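Enquirer: Take a look at this one; I'll ask things after.
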Amino acid sequence: MTVASGDAAAGELVEPGRSGGLGDVVRRRYLLRLIVRRELRARYQGSLLGIGWSYVRPAAHFAVFFFVVGIFLGMSKNVQHFPIFMFSGLILVSFFNETLINATHSVLGNAPLVRKVYLPRELFPVASLLVSCVHLVPGLAIVTGVSIAWGWTPSAGAIGSALLGFALVAVFGMGLGLLCSALHVFYRDTDKVVDIATLFITWSVPMIYPWTVVRDTAPGWALDLYLANPIADAVLLFERAFWWPTTDQTFLFPPHLTRDGLISLAIGVVVLVFGQLVFARLQRRFAEEL
């Protein structure tokens with residue numbers, strides 16, 4: 001039996017490998033802050049630009065996609081203000097992919113702490129999510145600034161769409177991150193599956209092409225399957241928040257987008273609960289597997 005640091009004063013004994021789940025993470029926010037700071041310091045240690053790389057990376061991604069898809073393939077001629085259209089989706093997809101990849105490696109990457117110190121193991125995937133949030137901020141600043149330059153003004157509808165899109169990605173990223181981080185301890189090729197999945201995600205959302213391309217070329221069942229992707233819903237919501245107000249507003253989004261986004265968010269909560277339950281069950285064997 002081990003005494004948990006936060007409960008030592010109360011004398012409460014905690015069985016190793018047992019925790020209160022995400023509730024314990026909230027109660028031990030100080031530990032979460034320490035882990036996030038450590039992750040950021042380790043990532044940028046010895047770097048000339050430091051956290052400035054969080055601006056360079058999305059700018060580089062934007063440049064590659066814009067010149068290849070927008071210029072060479074001519075998409076910028078078919079989509080009004082194509083840079084905002086693409087970048088509003090790109091930052092959200094990058095946020096999801098980074099969260100899922102880093103959360104998958106989070107427990108295994110902190111094996112010494114897991115073996116030697118009692119603390120809620122959910123801290124590591126949650127810290128990965130928060131680090132990804134830090135990297136999302138520069139992208140949001142860029143897309144907001146460019147949108148304002150093209151006539152965007154904040155409105156309740158735009159802000160609500162952006163918040164719903166962010167919530168979708170954060171909830172699904174956290175739920176899948178908990179699940180994959182636990183599985184990765186036992187099956188070390190989980191990260192390979194995640195890498196392949198993130199590649200498909202990048203091209204299976206309306207980020208570099210409008211959703212109407214799928215509507216006009218794919219059979220009905222394929223369109224329904226395409227729009228059932230919660231990340232696609234999130235990208236469409238971000239495009240409605242930042243890109244659509246800068247256009248002539250003749251572009252039509254899928255009907256009932258907000259309703260479908262809320263349904264996807266409810267499903268995301270179920271995924272989060274399932275990921276937490278699997279994580280809680282498997283974490284009892286983390287120390288011996290690591």
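Just so it is clear, none of the values below were taken in a lab; they were calculated from the coordinates. Note that the coordinates shown come from a computational prediction; the quantities given were computed from them, not determined experimentally. Cβ sites come from the backbone with ideal geometry, for glycine too, and all protein chains shown count toward neighbours.
Enquirer: In whole Å, largest first, what are the principal axis extents of the Cα atoms in the chain?
Expert: Projected onto its principal axes, the Cα set of the chain covers 65, 47, 37 Å.
Enquirer: Ok, one more. About its Cα centre, how strong a charge dipole does segment 122-241 have in debye, to the nearest 20, once Lys and Arg get +1 and Asp and Glu get -1 at the Cβ?
Expert: It comes to approximately 140 debye.
Enquirer: Still on this structure: Kyte-Doolittle mean at least 0.0 and Cα extent at least 15 Å along the axis: which DSSP H helices of the chain qualify? Before the final figure, lay out each step's value.
Expert: Details: long enough: 29-44 (23 Å, -0.46); 53-65 (18 Å, 0.55); 82-109 (40 Å, 1.25); 123-149 (39 Å, 1.99); 156-186 (45 Å, 1.94); 190-203 (21 Å, 0.85); 257-282 (37 Å, 1.67).
Those that clear 15 Å and a mean of 0.0 are 53-65, 82-109, 123-149, 156-186, 190-203, 257-282.
Enquirer: Next question. Within the chain, which is the longest segment that contains none of the trypsin sites (Lys or Arg not before Pro) sitting in a DSSP loop with at most 15 other Cβ atoms within 10 Å?
Expert: 19-187
Enquirer: So for segment 163-290, averaging the separation of alpha carbon pairs under 8 Å that are six or more residues apart and normalising by length, what relative contact order in percent results? Could you put the intermediate results ahead of the total?
Expert: Working: 94 pairs, mean separation 66.6, N = 128.
Once divided by the residue count of segment 163-290, the mean separation gives 52 percent.
Enquirer: Positive end of the dipole of segment 168-261, charges at C-beta (+1 Lys, Arg; -1 Asp, Glu), about the Cα centre: which of Phe172, Leu199, Thr212 has its Cα farthest in that direction?
Expert: Phe172
Enquirer: Using 0.36 nm times the number of residues separating Phe72 and Cys133, minus their current alpha carbon distance, what extension gain do you get?
Expert: Answer, rounded to one decimal: 18.8 nm.
Enquirer: When the gyration tensor of segment 111-165 is built from Cα positions, what are the square roots of 5 times its three eigenvalues, in whole Å, from largest to smallest?
Expert: Details: eigenvalues 282, 32, 5 Å².
Each semi-axis is the square root of five times an eigenvalue, giving 38, 13, 5 Å.
Enquirer: In addition: Using 0.36 nm per residue, how much length does the chain from Ala111 to Glu288 gain when fully extended, once their Cα-Cα distance is taken away? Working shown, then result.
Expert: Values: separation 177, 0.36 × 177 = 63.72 nm, distance 1.05 nm.
Difference between extended and current length: 62.7 nm.
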